Structures are given as structure tokens and as C-alpha cells.
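This report concerns only the one structure given below.
Derivation of every value follows stated rules applied to the coordinates shown; laboratory data play no part. From a predicted model like this one, the values you see are computed outputs, not experimental measurements. With ideal geometry, Cβ positions are generated from the backbone for all residues, glycine too; neighbour counts draw on all protein chains shown.
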Amino acid sequence: MGANFTLQNRMDQLGLTQEELASRCNTALLEITGRPGNMSVRTVRNLLNGTSRRPIGRTCAALERVFGCSVSDLGCSAPSSMQHPPEDPVRRREFIATTTGTAAAAVPLVKQNRTVGMADVSRAAAGMNGLVEADDRLGGHRSLAAAALKGRAQVLALQERNASERVRRALYALAAEFTTIAAWSCIDLRELDTAQRYLQEAGTFAGLSQDPPAGMRVWVNLAMLAYQRQNWTEQLAAAQAANITTAARRDPFFTSMGRMRLALAYSSLGDARAAHSSLGAAQDALHRAAEDHRPRWTAFYGPAELSHLAAIILNHNGEFSRAEAMSYRALAKIPVAFRRNRALATCQLALAQLRQGEPEQATATAATVFTIMDGASLHGRMRSLIGDFHRELFQLAPSTTYARDWADRMREEWSRA
């Protein structure tokens, strides 16, 4: 008769293996009859390969319970005793009573929560990707953090429904991603205690998901948070943890990301030699990374971001001319839509120029940050960088016209918050 592709597609949508479907059907029979079922993997295999197209009543009842539809919608033919209108609850109870021989069969099917499948995961992931795109454009802000926490609540609510192990892991991975978006927004806003709490929660969800990229993302963000706190030893520890994750071991793309975090940590600790070594390893790994399907949040990292982070390291190391060159290289590659990243790279360029004794040129460069952000409020991390530039400018050229003009412009932009 041929394979039952309809049933296979339904199983794929719910992320069910043959073993899981047999187990779920036996659980359904326990709920219906009060006695555990004895459906085997072989039964499922026969349904899938077409050997069995007209399963017995108990099997039909279990399949309908698991999938929430009639067996005819699963590519099977129901026995004559099941030819009933699906909306007739009285006849449905009569059928179940006859097929199971117990009054426990009268448990209403409507009490069973709808099964969650990979289609639900895909819809939730689309919402998460939209938040990542908003972060790419403007950086972290309170409404973004709130939306991320709302998304987390929604995927955790889905965990309360029936789901396969594969689907549950995918939902926990999404919970980790939503929580990390909220944490990253707080880092951008410099609400660092709140960010720490969210990242601890994200780490729990990532562990439950067994998803390597999700775990990698948490450690990278913990390293970023420690950098903002100026806790250099914790920054190094988080970067080292990122480098031994499964994701970093398996994929040169994530290897590069982890090595870059090590380079930043060593730079913060004043170890220029180790920073250069890790930076070179990050560059080499990224060159080896093949094009592949990766989570949407990884889109920020590539040659442009690597150059931007290299500029930060070189500014730390006192190599200001090289930092300037790396900043220009980053700005040539960062997409225009990534406004936050372009603005941050511009801040690094302005600092590199200022530290080479070019205050007027540096001031003109720094002013373009406001143009890039196009009237949007400056988040806390960017304000901190601009504040560093402002202090250094007035130490170097306090009485110049361009410095006074800069101060007026900065006060105007600060008032937008």
C-alpha cells in the first residue's frame, strides 16, 4: 500500500520519534482507560510503512488523543465503530467505552492540552529574530527587554503542554535566547545587576536545552558583562569557559568568537602579548569557518565585528594608529542597518584619533555618532564611551572652539534620554 507520509509529516511537525509516539500513545490510553497501553515501536513502524492502514480501535483512540485529529487525517482508516461525527461527544464516549471496556473512557478529550510541535517553535523563533533585528538597529532599550521577557514567558507556557523531547529542548533554547536578549539590553543600558540575574537564568535554560550555541551565547554575554563591570578576572574566566563549550570546539565560527573574548580579556588585564595571540587565533578561525545555518543572533559577528573588537584591543594596548586603521576597516563592512554597531565603531575611531594628538579631527568623527543614531536615544554603553571621549578631549584641548561646540552638541543629545 505504500508508506504513510501523512502520519510521518505529522510526527515531524511535533518532533516525535517512533519510540516517543509509542510512549505517548500508551500514556494516552492510560488517561483514557485508567490502564497503561501496550503499543510498541513495531506498531508505529507498521503504521508508517503502510503495513497497517486500519489500526484497531484502541490504537485509533490513542492516535486521535496524541495528534488532536481523526485517524483519517493521519492517513489511516478507522474501524466501522469509529465512523462518527467528531463533534458528537456522546457517541465518542460510547465508542471509547466499547473499545476499552471501562467507564474511565468518559474523560473528555477537550481537557487535553493541544500538543506543541516544531511549527510552534518556528513561530516563537520568528518573534525572537525580530527582537534581534531591533537590537541590531538601535541597541538595547527597555521596551526591547520587556518584549524579550514576554517572549520568554510565552515559550515557557508552551512547556506546560504535551511536547516531544526535541520540542522541549528547542523551547528551552528559545527561553535562553529571549532571556539573553533581555540581559544584553540591560548591559547596553548599563543596568548591570539586572543583566547578571538574567544571564544566570539564561544559563539554566541553556543547560536544559542542551543547545551548544545557546550555551556559547550566555558565556560570551557574561564576559561582556564582566568587561562593563571592569572585573577583569571574571571576564577572563567567562571567556575561557566560552572557549571550551561544545560550540567552540565544533565550529570555527564559534571558536573565533571565543578567542576574541579571550583577546579582549587579556587586553583588559594588560597582557598585550596574549591579547595579540588570541586575536590572531580569532582571525584564523574565522577564515576557516564555512557558511552554515546558525542562529540569527550570530549575524553580528563576522569580519566587520572582528575588526571593531580588534580596534578596542589595540586602543587598550596603546597602538592607536593600528586601532584607527581597524576602526576604518570595521566601518567599511558593518551594514548601514546595524546603527548601534556603526556608532560604537565610530567611537573607537574617534578615541584612536584623539590619542594620536588629532583632537579636531577626532571631534568631527565623534559628532557623526549622533548622525548615525539619527535622533535615537543613546544607550548607556554608548554614553559611557562618549563620556570617555569628552573627558579626554577637554584634557587635551579644553579652550578650543570645536571642543566648546562639541560640549553644546553633547548636552543637546544627552537631553533626548
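Apart from one condition, H293 fits all of (1) buried (at least 19 other Cβ atoms within 10 Å of the Cβ); (2) closer than 29 Å to A124 by Cα; the exception is (1).
Has region 168-175 got at least one residue that is farther than 23 Å from L385 by Cβ and part of a loop (DSSP other than H, G, I, E, B)? No, region 168-175 has no match at all.
Among the residues of region 64-78, which ones are under 34 Å from the mean Cα position of the chain (by Cα) and touching a residue at least 60 places away in the same chain (Cβ under 8 Å)? Residues satisfying the conditions are V66, L74. Residue count for region 214-252 satisfying the condition of being surrounded by fewer than 18 Cβ atoms within 10 Å (Cβ to Cβ) and among the hydroxyl-bearing types (S, T, Y): 2. Within region 360-385, residues that are under 16 Å from I312 (Cβ atoms) reach partners that are of a type in the set (V, I, T) with beta carbons closer than 6 Å, at six or more positions or on different chains, in the pairs V369/T346.
Per-residue answers, yes or no, for (1) under 30 Å from S185 (Cβ atoms); (2) out of contact with any His (no Cβ under 6 Å at 6 or more places or on another chain); (3) surrounded by fewer than 18 Cβ atoms within 10 Å (Cβ to Cβ); (4) not charged (D, E, K, R):
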residue	(1), (2), (3), (4)
N315	yes, yes, no, yes
S327	yes, yes, no, yes
I334	yes, yes, no, yes
A345	yes, no, no, yes
P359	no, yes, no, yes
V369	yes, yes, no, yes
H379	yes, yes, no, yes
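Applying the criterion of at least 3 residues that are within 21 Å of A304 (Cα to Cα) to the helices (runs of 4 or more DSSP H) found wholly in region 325-417 leaves 339-355, 359-373, 380-396. Could you tell me how many of the residues in region 1-47 are crowded, with 18+ Cβ neighbours inside 10 Å, more than 20 Å from A163 (Cβ to Cβ) and aliphatic (A, V, I, L, M)? The number of residues fulfilling the criteria is 1. Residues in region 55-77 that are within 18 Å of Q8 (Cβ to Cβ) and outside any helix (DSSP H, G or I): P55, G68, C69, S70, G75, C76, S77. Taking region 389-406 as the range and being surrounded by 15 or more Cβ atoms within 10 Å (Cβ to Cβ) and farther than 14 Å from E360 by Cβ as the test, only H390 passes.
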